[in-house]
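Read the structure below first, then the notes.
Throughout, read-outs are computed from the coordinates displayed, never taken from laboratory work. Computed from a predicted model, the values in this text were never measured in an experiment. For neighbour counting, all protein chains shown are included, and Cβ atoms are generated from backbone atoms with ideal geometry for every residue, glycine included.
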Amino acid sequence: MNYSAILETIKNEIAPYARLGHQADYIPALARVNPDQFGICLQTLDGETCAIGDADVRFSIQSISKVFSLALALHFEGEGLWTRMGREPSGSAFNSLVQLEYEHGIPRNPLINAGALVTADVLLAHLDHPEEFFIDFLRTLSGNPSIGYNIEVAVSEHSCGYMNAAIANLLKHYGNIHGDLERVLHLYFMMCAVEMSCRDLAHAFLPFANHQQPFRYDGIALTTSQIKRMNAIMQTCGFYDEAGEFSYLVGLPGKSGVGGGIAAICPSRYAIAVWSPRLNAKGNSIMGMKALELFTTLTAESIF
Ligand code: GLN
């Protein structure tokens, strides 16, 4: 398959979408990002890498971090994790409060904010220095020792993160946050504020495409069965209330973030990451979704 030619075709075909949507501005530091950027990187399990556009520019991974924190929480807690959260699609916004109250403080799944706040609480219970541990884990997975947190983004979000604080308070009220609330929020905002490029993300997601091999990085081990289950959760819950649409258009397990990134995998084949900051109303990258839709159409490689 000539992946380079396919990526070039995609770049040309998505040009008409370049000015649609706006970047996230509810996190003040993200409002300053140049919205007119686009990058894509494919990493196959055979070792082929293909990148175009701004594939090496680092951006705020935001909710994509929820996949990595879930991997750690599954390693630490195993199936016990599911006593504290569900694994059903939410069908609602990533920061919805209503559903959480209705369901008595049990988040629908780990890939919405409520679930990721509980996951952060789990990491705090198991790790003395979770921020350092998390970034080291991502450095190992991506093979890039220079990735790090953008503290300005984390502080910026924390300073006006009223919805996340409300979710955390509700979780605490229902007994589903065991540690200190401010500490949980700090870790959560830091994990969202990691900066990686499409190339870094494609590398870091590749182990999730390799479900025939147990996952073993920096002492973190996941069984092939746990990787299979993580992919199932990405497929059904990775795009909030647009999970069905992403499944329909693209057909890959993946995760988006309000920084405009999307990372996805094709089991036994490849990992792919795409980034463009302009978002649709659901908080997913417009060019990113279109690019991935074209990719699985042109290659005829998806899980369906
Ligand atoms: N940090 C963002 C928030 O909590 C992450 C949301 C996202 O990427 N969907 O609101």
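Site pair M163 and E245 shows an inter-label distance of 1.5 nm when each label is modelled 7 Å from Cα along Cα→Cβ.
Given a cut-off of under 8 Å on Cα pairs at least six residues apart, what relative contact order in percent is computed for the stretch 187-293?
Values: 166 pairs, mean separation 26.6, N = 107.
Result for the stretch 187-293 is 25 percent.
Can you check how the C-alpha radius of gyration of the stretch 166-304 compares to 2.2 N^0.38 Å, as a plain ratio?
1.13
Net length available on complete extension from E103 to D36 is 20.1 nm, with 0.36 nm assigned per residue and the Cα-Cα distance removed. Across the stretch 219-262, Cα pairs under 8 Å and at least six residues apart give a relative contact order of 32 percent. Label point of Y217 set 7 angstrom out along Cα-Cβ; within the stretch 68-82, amide nitrogens under 17 Å from it belong to 68-76.
Treating each Cα of the stretch 10-49 as one equal point scatterer and applying the Debye formula with no solvent, the log10 of I(q)/I(0) at q = 0.21 Å⁻¹ comes out as -0.79.
Between L127 and H173, the contour length at 0.36 nm per residue exceeds the Cα-Cα span by 14.2 nm. Averaging over all projection directions, the Cα-based convex hull of the stretch 1-142 occupies 11.4 nm² in the image plane.
Using the Karplus relation 6.51 cos²θ - 1.76 cosθ + 1.60 with θ = phi - 60°, the per-residue 3J(HN,Hα) values for the stretch 119-128 come to 4, 4, 4, 4, 5, 5, 6, 9, 10, 6 Hz, with x marking Gly and Pro.
Simple spin-label estimate for T49 and A281 gives 4.0 nm between the two label positions (7 Å along the Cα-to-Cβ direction from each Cα).
In this structure, E195 and A300 have a Cβ-Cβ separation that, at R0 = 30 Å, corresponds to a calculated FRET efficiency of about 0.35. Couplings for the stretch 49-66, taken from phi via the Karplus curve 6.51 cos²θ - 1.76 cosθ + 1.60 with θ = phi - 60°, read 10, 9, 9, 9, x, 8, 5, 10, 7, 7, 9, 6, 6, 6, 6, 4, 4, 5 Hz in order; Gly and Pro are left as x. Taking the longest Cα principal axis of the chain as reference, the axis of helix 130-142 is set at about 20 degrees. A crude spin-label estimate for the pair A18 and S268, with each label 7 Å from Cα along the Cβ direction, gives 4.0 nm.
Specify whether the C-alpha gyration tensor of the stretch 1-77 places it in the rounded, prolate or oblate class, a ≥ b ≥ c being the square roots of the eigenvalues: rounded for a/c under 1.5, otherwise prolate if a/b is larger than b/c and oblate if not. Present the calculation step by step, with values, prior to reporting the outcome.
Values: a/c = 2.71, a/b = 1.10, b/c = 2.46.
Oblate is the answer for the stretch 1-77, as a/c is 1.5 or above yet b/c matches or exceeds a/b.
Shown for the stretch 168-304: lysine pairs separated by 8 or more places, or found on different chains, whose C-alpha atoms are under 16 Å apart, numbering 4.
Between amide H atoms placed 1.01 Å from N, distances below 5 Å from A55 occur with I40, all of them 5 or more places distant or on a separate chain. Its DSSP H runs of at least 4 residues, each contributing -39,500 (n - 2.57), put the calculated 222 nm mean residue ellipticity of the chain at -14000 deg cm²/dmol, to the nearest 500. Relative contact order of the chain: 28 percent, from C-alpha pairs under 8 Å at least 6 residues apart in sequence. Based on alpha carbons, the Rg and Dmax found for the stretch 98-225 are 15.6, 43 Å.
Which value, to two decimals, describes the C-alpha radius of gyration of the chain once divided by 2.2 N^0.38 Å?
Details: Rg = 17.7 Å, N = 304, 2.2 N^0.38 = 19.3 Å.
Ratio of Rg to 2.2 N^0.38 Å for the chain: 0.92.
Rounded to the nearest Hz, the phi-derived 3J(HN,Hα) couplings of the stretch 100-112 under the Karplus curve 6.51 cos²θ - 1.76 cosθ + 1.60 (θ = phi - 60°) are 5, 5, 4, 9, 6, x, 9, x, 4, 7, x, 9, 9, where x marks glycine and proline.
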